[in-house]
Amino acid sequence: MADPAPAPAAGVPPPAAAAAVVAADEPSAEAGEASKQRRNRIKKLKAQYVAILELEQRAAAGQPLDAGQAEKVSRKAAVAAELESLGVALPEAPPPLPAEPLADASGHSAAWQSIEEDITQEEVAAALEKLYKLLEENPGFSYFITLPAPKPDIAVHLEDTMGAVFFETMRPRAEAGQPRAVKVMYEQLLPTARHAGIPPMQLRLQLLAEYGIDPVTEQVVSGSEEEKLAWLHSVVPAAERQAAERQLQQTERLKAGQAGRVVCGTRGQRGGR
């Protein structure tokens with residue numbers, strides 16, 4: 001007769017129970033996919049809502065809307081209702097503001113100049129195609145700077161056509177893991193962040209989380225979002241971190257619609273302003 005299996009030690013669950021506990025702690029693939037679909041849906045709805053607000057601004061300024069644009073505006077209530085049902089604050093379109101002066105006399109940063117001549121005609125053509133589609137679906141919208149709830153996200157607009165094309169050529173490079181492309185995107189988005197009262201560290205963290213590359217040092221950082229945040233905290237001085245936290249707490253400086261527009265220099269502007 002076989003010996004009976006030894007009883008588990010006190011306080012230790014049997015193997016079957018331990019396996020069940022582990023399985024329960026692990027998020028299912030279905031839950032992960034559902035979360036991803038929800039994030040993508042929210043991102044798309046935000047873009048649609050900002051586009052509708054901008055079309056309303058155009059109409060209020062006396063610019064006629066075509067049938068397709070008028071149809072988009074008619075969906076405002078439905079888009080707003082879906083966003084609210086998802087527990088998301090409604091974004092607001094930033095008001096047009098005077099262009100800020102370019103950073104230097106050349107009109108381009110060193111990072112921009114180092115990568116500009118390397119851009120191929122194929123990349124420009126792909127960027128133009130993507131930009132045309134973007135403008136058709138969401139006029140003027142290029143990027144959202146996401147802020148901690150309940151603060152509103154900030155819609156970023158690239159008014160200058162060449163700057164917008166350049167931004168779109170950088171995006172696939174950033175997705176492919178090119179550090180310099182992420183740095184250039186950061187420099188293009190930074191004026192809007194500063195104007196809106198968003199600490200640069202917040203934008204830096206968002207790009208780091210999105211592409212796994214620190215846009216300031218151009219260092220590749222792997223791991224989860226929590227690990228990337230821990231890495232950023234390790235390289236940013238404590239005084240800067242504390243100042244960024246205080247700035248984010250000042251919610252009156254982050255009202256919806258307070259963002260500025262980004263103007264990126266073209267070749268014709270290299271004489272400065």
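Laboratory data are not the source of any read-out in this text; all were calculated from the coordinates shown. Quick caveat, the model's predicted, so the values are computed rather than measured. Please note: Cβ atoms are built from the backbone with ideal geometry, for glycine as well, and neighbour counts cover all protein chains shown.
Details
- Sorted by Cβ density within 10 Å, fewest first, the residues 144, 166: 144, 166
- Cross-link table 43/76; 46/151; 36/72, entries beyond 18 Å C-alpha to C-alpha: 36/72
- Label-reachable residues, segment 34-55, where backbone N falls under 20 Å from a point 7 Å from residue 74's Cα toward its Cβ: 48-55
- Proxy reagent accessibility, fewest Cβ within 10 Å first, across 44, 228, 36: 36, 44, 228
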